[in-house]
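Note sheet for the following structure.
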Amino acid sequence: MKNEFKVIADLIEKNKRVLDVGCADGTLMKFLKDNKNINIRGLEISKEKVQTCIAKGLTVIEGNAEKDLKQFPDKSFDYVILSQTLQAFLDPEVVINELLRVGKKAIVTIPNFGYWKVRLHLLTKGTMPITKTLPDEWYNTPNLHMCTIKDFVHFAKSRNFKIFKSLALNNQSASIINNSNLGIKNLIADLGIFLIEK
Amino acid sequence: MNTEINLKTLIVKEPLKLDCGKTINDFPIAYETYGSLNKKKDNAILVFHALTGDQFVTGLNPITNKEGWWSFAVGPGKAIDTNKYFVICSNVIGGCMGSFGPSHKNPDTQKTYGTNFPVLTINDMVNAQYNLLNHFGINKLFSIVGGSMGGMQVLQFISNFPDKAKTVIPIACTSSHSAQNIAFNELGRQAIASDSNWDEGNYNDKNIIPNKGLAVARMAAHITYLSKKGLQEKFGRKLQEREDIKFSFDADFQIESYLRYQGSVFVDRFDANSYLYITRAMDYFDLGKQFKGNLSEAFKETKAKFFIISFTSDWLYPTQENKDIVIALNAIGADVGFVEIESDKGHDSFLLDVPDFLNSLKNFLDKSYEE
């Protein structure tokens, strides 16, 4: 299981009710169900991946986060997870508001466009950056709204979201982001993980 | 219809009050079972059949001598694995395969009921079938499964008996019959009624059947079970055993010949009055209405795990109507999974060899049984 999922799992206490939006093949769901006794549900757009989840005994609904989150009542989950897909929505702000309506808290992870390798790629090669977390070409990337860790922190503050925890992840280790190290973390992390509440 | 072959039958002694206000008792429910009930009695699956189905889910149907209607899904090693699960299916009341229906004789008058049979609802059907649990001494079913009208019965069953099933699988169905659904059913009923042999439903005692009307009803309905793309791929404009069109009203096209055949074989196995009664029950089905328009309330009492399945090319019970059930369940935080299966085979997809569907069904059942 990838490091990002371990960090997310550590943010969630046992026996909670969790919705994984864009749960893919259910790897994180299964881990949370088996190891933390989480009452876990998934929402996934790909039919094939929904079927994979069902084969793992996971409760998943085929659907689209932009349209199908509205069926869940307010605060019906303790946590709602959105891993590395916020940037792919037509209107990320609508989605994040929905996450925070449905969940008491939301865990959002973003590929960091401020990561030094991304910056260096653009600076030296002059072409759109391709990295481990941003593997696609400009013409086939699903990403519409790339942002940096700094952008996300500014966005969350401007919308008065409460940030409980911000973590910077690069390869091996996760570290806390705070006001004083925001600039440096924005440079050295390829992924930002945020625990937020509205 | 055929009573020469010995059908397994449960005679329900207890009175059953029907939605129309009448009460029936000492009535038969014809059923069939597959596989065996284990000692813990926790491996039973109640399968509900669709409009023209019957209790003969799989294997050879002894009445028609054809494969059971759900042979692709049910059997040893199949999605609903009869090596593992005990499958029960019964003919709905109002039907014509041994359960209490309009082709039965009224013991008081010695005449066939015909249209004097009480008008039934989906609710009546599941209340009647509930007696099978006591009959087999089953406290809780492992699963209830059904497609189309079978799915409607699944929804009604879990609403009526919220703690009597661990898992619930409504397939290609709706919680409320749409105007379009009612329209197609009415077309079928009017086709039957306009056949002079029907004679207000009194044909049985005269040993005639409204075969023409019933065949047309089946032809019209059959079109609704297929998709435009499926029909086009299978038949297109292909001609039936001829080089060119004949400038006549013969079956020039293969699709015409196919529909005529479907109509003609149907009249041999199905009773016209049963067709009226069962389509009426479907039209009356509106589960939300039973709960003042709030469908979620229908499922409020149950802790069962739901898995809802629809098909992309099903325009009779389209994905959105299946999703409305998912939405109602999510609104109350129920345990519900949902998948729309890609298929060109229309509403009939649930009866056919659609591997993604059959695999999903199998995986869901087997994983849920392990838990």
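A few comments on the model shown:
- Reach of B:Lys13 by Cα under 19 Å, taken over lysines that are not fewer than 8 positions away in the same chain: B:Lys22, B:Lys105
- For chain B, share of DSSP beta bridges that run antiparallel, in % to the nearest 5: 35
- DSSP-defined beta bridges in the protein assembly as shown - what % are antiparallel, rounded to 5: 40
- Backbone HN-Hα couplings from phi across the stretch A:122-135 [Karplus 6.51/-1.76/1.60, Hz, Gly and Pro as x]: 5, 5, 8, 8, x, 10, 4, x, 10, 9, 4, 8, 10, x
- In the stretch B:182-278, Cα pairs under 8 Å separated by at least six residues give a relative contact order of 30 percent.
- Local electrostatic count at A:Ile149 - Lys and Arg +1, Asp and Glu -1, tallied over other residues with Cβ under 11 Å: 0
- For chain A, the longest site-free run once chymotrypsin sites (Phe, Trp or Tyr not before Pro) in DSSP loop states with at most 11 other Cβ atoms within 10 Å are removed: A:1-137
- Here the spin labels are modelled as points 7 Å beyond Cα on the Cα-Cβ line, and at A:Arg119 and A:Asn181 they lie 1.7 nm apart.
- The residue among B:Asn273, B:Val74, B:Leu132 whose Cα reaches farthest toward the positive pole of the charge dipole of chain B, with charges on the beta-carbon of Lys, Arg, Asp and Glu, is B:Leu132.
- Computed over chain B: relative contact order in percent, which uses C-alpha pairs under 8 Å that are six or more apart: 18
- The mean sequence distance of close C-alpha pairs (under 8 Å, at least 6 residues apart), as a share of the length of the stretch A:3-197, puts its relative contact order at 19 percent.
- Alpha-carbon centroids, the stretch B:125-153 and the stretch B:21-73: separation in whole Å: 10
- In the stretch B:124-206, the trypsin sites (Lys or Arg not before Pro) that fall in loop regions by DSSP, at most 15 other Cβ within 10 Å: B:Lys140
- The Cα center of the stretch B:288-329 and the Cα center of the stretch B:76-103 differ in position by 23 Å.
- Of the Cα atoms belonging to chain B, the radius of gyration and Dmax stand at 20.3, 66 Å.
- For the stretch B:224-289, the Cβ-based charge dipole about the Cα centre amounts to some 260 debye (Lys, Arg positive; Asp, Glu negative; other atoms uncharged).
- Positive contributions from Lys and Arg (+1) and negative ones from Asp and Glu (-1), summed over other residues with Cβ under 15 Å from the Cβ of B:Gly346, come out at -4.
- DSSP-defined antiparallel bridges as percent of all bridges, the stretch A:3-197, nearest 5: 45
- Of the trypsin sites (Lys or Arg not before Pro) found in the stretch B:220-297, those that fall in a DSSP loop while having at most 13 other beta-carbon atoms within 10 Å are B:Arg237, B:Lys238, B:Arg242, B:Lys246, B:Lys292.
- Part-to-part distance (alpha-carbon centres) for the stretch B:173-199 and the stretch A:105-154, which is given in Å: 58
- Rounded to the nearest angstrom and listed largest first, the equivalent-ellipsoid semi-axes of chain A from its Cα gyration tensor are 27, 19, 17.
- Cross-link table A:Lys30/B:Lys228; B:Lys40/B:Lys78; A:Lys75/B:Lys166; B:Lys41/B:Lys345, entries beyond 30 Å C-alpha to C-alpha: A:Lys30/B:Lys228; B:Lys41/B:Lys345
- Seen from all directions on average, the stretch A:102-198 presents a Cα convex hull projection of 6.9 nm².
- On the principal axes of its alpha carbon atoms, the stretch A:1-92 extends 33, 28, 25 Å, with the longest extent given first.
- Excluding same-chain neighbours fewer than eight residues apart, the lysines reachable from A:Lys125 by a Cα-Cα span under 16 Å are A:Lys117.
- Ordering B:Tyr203, A:Asn39, B:Phe350 by the projection of their Cα atoms onto the charge dipole of the protein assembly as shown, which places +1 on the Cβ of Lys and Arg and -1 on the Cβ of Asp and Glu, puts A:Asn39 at the extreme positive end.
- Volume per residue that the Cα convex hull of the stretch B:76-222 spans, once the total is divided by residue count, Å³: 148
- Full-stretch length increase - B:Glu233, B:Lys41 - with 0.36 nm per residue and alpha-carbon distance subtracted: 64.5 nm
- Sparse-neighbourhood loop sites, chymotrypsin sites (Phe, Trp or Tyr not before Pro) in the stretch B:218-252 - DSSP loop, at most 10 other Cβ within 10 angstrom: B:Phe247, B:Phe249
- The charge dipole of chain B, taken about the Cα centre with unit charges on the Cβ atoms of Lys, Arg (+1) and Asp, Glu (-1), comes to about 660 debye, rounded to the nearest 20.
- Chain B: calculated mean residue ellipticity at 222 nm from DSSP helix runs of at least 4, using -39500 (n - 2.57): -10000 deg cm²/dmol
- Taking the charge dipole of the stretch B:182-278 about its Cα centre, with +1 at Lys and Arg Cβ atoms and -1 at Asp and Glu Cβ atoms, the residue from B:Ala215, B:Leu226, B:Gly263 reaching farthest to the positive side is B:Leu226.
- Against the compact-protein benchmark of 2.2 N^0.38 Å, the Cα-based radius of gyration of the protein assembly as shown scales to 1.15.
- Taken about its Cα centre, the stretch B:1-157 carries a charge dipole of about 320 debye when Lys and Arg each add +1 at the Cβ and Asp and Glu each add -1 at the Cβ.
- Pairwise Cα separations in the stretch B:182-278 fall into 5 Å bins from 0 onward with the following percentages, short to long: 2, 13, 20, 20, 16, 13, 9, 5, 1, 0.
Every read-out reported here was derived from the displayed coordinates using simple, explicitly stated rules and does not represent laboratory data. No experiment lies behind these values; they were computed from the predicted model shown. FYI the Cβ positions are ideal-geometry reconstructions off the backbone, even for glycines, and counts take in every protein chain you see.
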